[in-house]
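*Asks:* Quick one: this structure, given as structure tokens, is what I'll be asking you about.
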């Protein structure tokens, strides 16, 4: 609607500005989108890049996969390439895009093929789209390619169409970063011809593709997905431009229907007609219900409830609005939802109201400046028009105010009349009309519309009967007095009606404010909740506080797809809840299903499934929820459902992550253990087999060499088994330390003895006060430090020099520095070295990468901490252990020993 007083929605305006405003110094992103492999995305991207190179622009290929296609190979030769980087992965060399080289080269444009590609584990980023984000952040433009099946939100649709579960996906937010998305389209028949000619895949791969993914029906469906995706992108861009430039109304780029509904039984026909029209043109449709503050009877509320349910059952989106003017509500909804067509019935004619407002809602919509089409659905009856008398009485308010309001209004008018009668001799009877009018306007500040109109009639009668000559009759002698009485009565009547309208608007604003405040506070509280039980408890409390009824909530068992009856409901109530849960509809009291129940069950519906049901136990069964209350209940339950889904999805994501990590850990463990055990076992078998040879056995030097190899291999194999057993024992639930008191001197003495065989005469150098006592698990802590010693020998070699410095500067903890004379560890591996199975690049063969993980686990079990330090040269670890108060008995024992 192009009315001058329209204003854009502030939230829409902010979103549009954020999307349209370019990022400072950010490169531009262009995505070539295709329905599937082989449509020519890479070729199109390279062709544009080659044209830019021909114009002298600084363009490079970051990574391009030609898959042996001659045309693609040929066009790529015209563009300079940034050499890929070769990375070792699982005993093979893999070529990946050289991100560092691209960032240092700083071209104007870089071409990056296969957006959804997953990088190998040692790369900086897990996904190629993350590499592109970093390139864009450096101000470099990027052209890239992707197929429609790799978009995260479309993955499920592709699985349903083709049966292929796409593993490599790109999140939808990345496409919002694109400055341009160009669709590379090709007819399915032509694509199949290219596949047959070997221009997509070669050999057996092409035959398998034709039998599975590349079916004609699959290609048509994927093509539609791609076209719809690009159409939605263009539609969002158009909406942003319209918001930014203040263009209201719906441009007919895509159709959206809106039907106005009320408590009229004729709304059902409008709803069905709108549903049929939306099906024919394949577009979304909405139903608008405007709360004008009118008090509806129980029959009207029942009919309105049925109309709303029909909208929901037929797949429409219900929109509720609070406003005293229907035109404002329609205008606001059309602007917000970009409506292009409105469907209405023929409204009844109302004399005074239509005269004041300039016609009924249909006339005003037709007369307004709008690009929205209006459809009028004829009903079985003509619009009602009963004439002047009936219209006057219909315009008058219904007497639904209490008797005491009218009783009080009567005494107020009588009091004013007594005052007026006393001052009439001094002021004259005509001036008393002004006094009565001022009184009526004063009364309008606290009386409702009915008592106000009653005051207008009563005051006019009293003024005429007791004040205007001839007194004590209703006759009026002069024309001036007649005009004065009529003017007074009209002024008092209009003043009362206008005041009532203002009060009704205030009530609507207050109700809207209360609704908004309730939803805001509810949503704010839900956003901080991360536990299902707390969300359910908070929802139940909010519903009971707002609606004054007993509420019970049942949640579903996601695996069994049924409700958990943890509240021990009786059989009748539980049956209502089960029916409501499985059918995703309301059931029980005040509904058409199982209406004999003592409660009403409303499903707690999420975006993907029903999460449970909410049972309301009304105190007064004769009083149903009104529409406003039902709308608030639906809003609260919807917010709670979203919060529950957030928690459930978060937990499922965590489980999937743990499962993936477990799988990865399992594979790594098998690979590492098989390698680590195979090597010493091979040496054992070889040496033992050689000892069966008599010639070898008779040679003492050879025999000693082979025996040493057997012992060394056995020790290595024993370390592997010990580390695996230690890791399993430390991570087992219920594991506890066997704490005892001992001195550092005793501890380091045993540590030296254990390392004597490997370190020889150099042994381990200790500094610091070793007389201090420590409470810890002696054996476990000794094992941790033994692992540190073995680790130092592994990387520093046989000439390793190990030093342990003990500091006692703190009253709360001991600090130890464990250092060697080896090459040290780079800071970039500071956090990784304590991870399971992590081994430094180019490290010597041998070991599972469990040693430091076990050390960290043991230290943390003692409430201590270990970290890499740069205080000394070589590999240096800073270890802190808690210092505890020494028992008196231990102190006396130490003194005796001294």
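*Asks:* For the residues 579, 741, 285, 411, what sequence is obtained by ranking on other C-beta atoms within 10 Å, fewest first?
*Replies:* On the way: 579 19, 741 16, 285 24, 411 9.
The most exposed by this proxy come first: 411, 741, 579, 285.
*Asks:* Using alpha-carbon pairs under 8 Å, 6+ residues apart, how would you state the relative contact order of the stretch 561-629 in percent? Walk me through the intermediate numbers first.
*Replies:* On the way: 94 pairs, mean separation 16.0, N = 69.
About 23 percent, as a whole number.
*Asks:* If I model a spin label at residue 634 and residue 721 as a point 7 Å from the Cα along the Cα→Cβ vector, what separation in nanometres do I get?
*Replies:* Placing both labels 7 Å along Cα→Cβ, they lie 6.9 nm apart.
*Asks:* Below 8 Å between Cα atoms, with a sequence gap of 6+, how large is the relative contact order for the stretch 480-603 in percent?
*Replies:* 10 percent
*Asks:* What order do you get for 325, 870, 282 when you list them from fewest to most C-beta neighbours inside 10 Å?
*Replies:* By the 10 Å Cβ count, ascending: 282, 870, 325.
*Asks:* For the stretch 255-337, what does the alpha-carbon gyration tensor say about shape, rounded, prolate or oblate, given a ≥ b ≥ c as the root eigenvalues, a/c under 1.5 as rounded, and a/b over b/c as prolate?
*Replies:* oblate
*Asks:* In what sequence, highest mean first, do 705-712, 639-646 appear when ranked by Cβ atoms within 10 angstrom? Show your work: numbers first, answer last.
*Replies:* Working: 705-712: 15.1, 639-646: 19.9.
Ranked from most to least packed, the peptides come out as 639-646, 705-712.
Throughout, read-outs are computed from the coordinates displayed, never taken from laboratory work. Just so you know, these numbers come straight off a predicted model, no measurement behind them. Counting neighbours? That spans all protein chains shown, and the Cβs are built from the backbone with ideal geometry, glycine included.
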